[in-house]
1. Of all accessible surface on the chain at a 1.4 Å probe, what whole percent is carbon and sulfur?
2. Quick one: of 63/128; 114/142; 93/139, which pairs are farther than 31 Å apart, Cα to Cα?
3. Residue by residue through region 34-42, which ³J(HN,Hα) values in whole Hz follow from phi under the Karplus form 6.51 cos²θ - 1.76 cosθ + 1.60 (θ = phi - 60°), with glycine and proline marked x?
4. As a test of the definition: which semi-axes, in Å, follow for the chain when you take the square root of five times each eigenvalue of its alpha carbon gyration tensor? Largest first, please.
5. What order do you get for 48-60, 5-17 when each peptide is scored by the mean count of other beta carbon atoms within 10 Å, highest first?
6. Is it possible to state the helix-based mean residue ellipticity at 222 nm for the chain, with each DSSP H run of 4+ residues giving -39500 (n - 2.57), the sum divided by total residues, to the nearest 500 deg cm²/dmol? What is it?
7. Whole percent per 10 Å bin, from 0 to the bin with the longest distance: what is P(r) over all C-alpha pairs of region 8-82?
8. With every protein chain left in place, what is the accessible area per residue of the chain in square angstrom, probe 1.4 Å?
Amino acid sequence: MASTSLRQQLSIMRQSFFDEGLLDHEQVSYLETLENEDDPDFIENVFTLFLRDSSRYIDSIEKALETNPIDYPIMERMMYRLKGSSASIGASKINGETNTLIKAFLDGDMESGKASLQKLKAEHATFKEKLVVYVEMLKQAKFSEY
């Protein structure tokens, strides 16, 4: 009974990610097809790695901006890593904000870039908060199946 309720909560939460534009339905559906008997925790692992790595990338971008002179090679590398990892899991809003950030810095618009970084950090914090709960619920649902 509790596992049915948990599955319903997961379903509602999963749909809310799509409704809010946080995750791309097509990409998440594709990732879910990769989960199988050999890798039953695939989706949780992918989301967990994204959370860990994306936080590092954002921290590195911020640190590169604080150096004098600005460490553009590090900043650029971390922005493109964040762009790639967010696209790979379908993190739509994070990916969009990262693209805005890249464009601002490539255009040489430091003020817009810094503002975009703050917006990206806020978007990431919101997404991370929700995704952590979702991953934990996925783990609980799988545990309750055994």
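The values are calculated or read from the model by the stated rules, or taken from the named source; none is laboratory data. Not measured: the values here are computed from a predicted model. Heads up, the Cβs are rebuilt from the backbone with ideal geometry, glycines too, and the neighbour counts pull from every protein chain shown. Side chains are part of the model used for accessible areas, which takes the heavy atoms of the whole protein and leaves out ligands, DNA and RNA. Shrake-Rupley method; radii C 1.70, N 1.55, O 1.52, S 1.80 Å.
1. Heavy-atom surface of the chain belonging to carbon and sulfur, 1.4 Å probe: 53 percent.
2. 114/142
3. Going residue by residue, I get 7, 7, 8, 4, 6, 9, x, 10, 3 Hz, with x marking Gly and Pro.
4. Result for the chain: semi-axes of 33, 14, 13 Å.
5. 48-60, 5-17
6. Calculated mean residue ellipticity at 222 nm is -28500 deg cm²/dmol.
7. Percent of Cα pairs in each bin: 17, 34, 28, 17, 5, 0.
8. Per residue, the chain has 58 Å² of solvent-accessible surface.
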